[in-house]
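The values are calculated or read from the model by the stated rules, or taken from the named source; none is laboratory data. What you see is a predicted model, and the numbers here were worked out from it, not measured in a lab. Quick reminder, even Gly has a Cβ in these numbers, built from the backbone with ideal geometry, and neighbours come from all protein chains shown. Side chains included, ligands, DNA and RNA excluded: accessible areas come from the protein's heavy atoms. Shrake-Rupley method; radii C 1.70, N 1.55, O 1.52, S 1.80 Å.
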Amino acid sequence: MNSRPTILAGNWKMNLRRADASAFADQLRALGPKAAQGAPMVMLFPSAPFISSLSDQLRHTEVLVGAQDLHPESSGAHTGDVSAEQLKSAGATWALCGHSERRHDHNESCELVAAKVNAALASGLLPMVCVGETLEQREAEATESVLAEQVSAMLGACAGLSAEPAADGGLTWALAYEPVWAIGTGLTATPEIAQQAHGFLRQQIAATLGEGAARALPLLYGGSAKPSNCESLIAQADVDGLLIGGASLDSVSFLDMIRRCGS
Ligand code: 13P
């Protein structure tokens, strides 16, 4: 029996306007101040301009607000960028690091992703690190070597990453498996494919950080997760949560997934 929480995280990417975000938060507030026993932990990753207002709106709920990206430095002449400290002061508690859209659209290397993870940790933001293979890599049967490389590059450069629970029993970071071929394509990984990758990732973590650390680390799946497939994905032994893009943009489907994934 594992004690990892079930996490449902909505990554809104570059979508929604302020009024949409606010109406969405009102829907989530209806979940109540205290999540029912067995209810998933819920997180939202809005665009940076809405972190502050969403955090305020959701202050008395258990919904957490995170950032989709951050700059590795804490301040300075970096026009258009946002630092971990700024995000934290705006109310963010989590930050996505190394989402494949950042790796591909902005040429983010494993080194840069690791620097962002370190910056998040230094500021008290919890990193949710994203890894995943492309279709070409899967077809070339390179999935495991790609995942191993992404994980080892990160663990090798981020001494602060530990999967042991924090002193208060809370989480310290999370890992998201997002196969690039499944993102936004409707081609959801089968539960078996997701479990295979998650099992492999947990082994990699165990080999580096130890069995206890690997057991405590939440592993989320992302890639065309939706109400019709969320239960079969979450039923897998090593799938502890979902990082949801498209289906998180509509409060009805997101709330439906929250309900379906509660125990
Ligand atoms: P979709 O759910 O739209 O495939 O996006 C997944 C994702 O990239 C979440 O970070």
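Go ahead and estimate [θ] at 222 nm for the chain from helices alone: -39,500 (n - 2.57) per DSSP H run with n ≥ 4, summed, over the residue count, rounded to 500. Before the final figure, lay out the partial values.
Values: 11 runs with 109 residues, N = 263.
Result for the chain, helices only: -12000 deg cm²/dmol.
Over the range 1-82, the reciprocal of the mean inverse Cα-Cα separation, the Kirkwood hydrodynamic radius, stands at 14.1 Å.
If you sort Phe254, Phe50 by accessible surface, 1.4 Å probe, largest first, the order is Phe50, Phe254.
Across the range 86-178 the C-alpha pair distances fall into 5 Å bins from zero in the proportions 3, 14, 23, 24, 18, 10, 5, 3, 1 percent.
About the centre of its Cα atoms, the range 1-151 shows a dipole size close to 800 debye [charges on the beta carbon of Lys, Arg (+1) and Asp, Glu (-1) only; nearest 20 debye]. A viscosity of 1.306 mPa s and a temperature of 10 °C, combined with the Kirkwood radius over C-alpha pairs in the Stokes-Einstein formula, give the chain a diffusion coefficient of 87 µm²/s. Note that the chain presents 45 Å² accessible area per residue, ligands and nucleic acids not counted, probe 1.4 Å.
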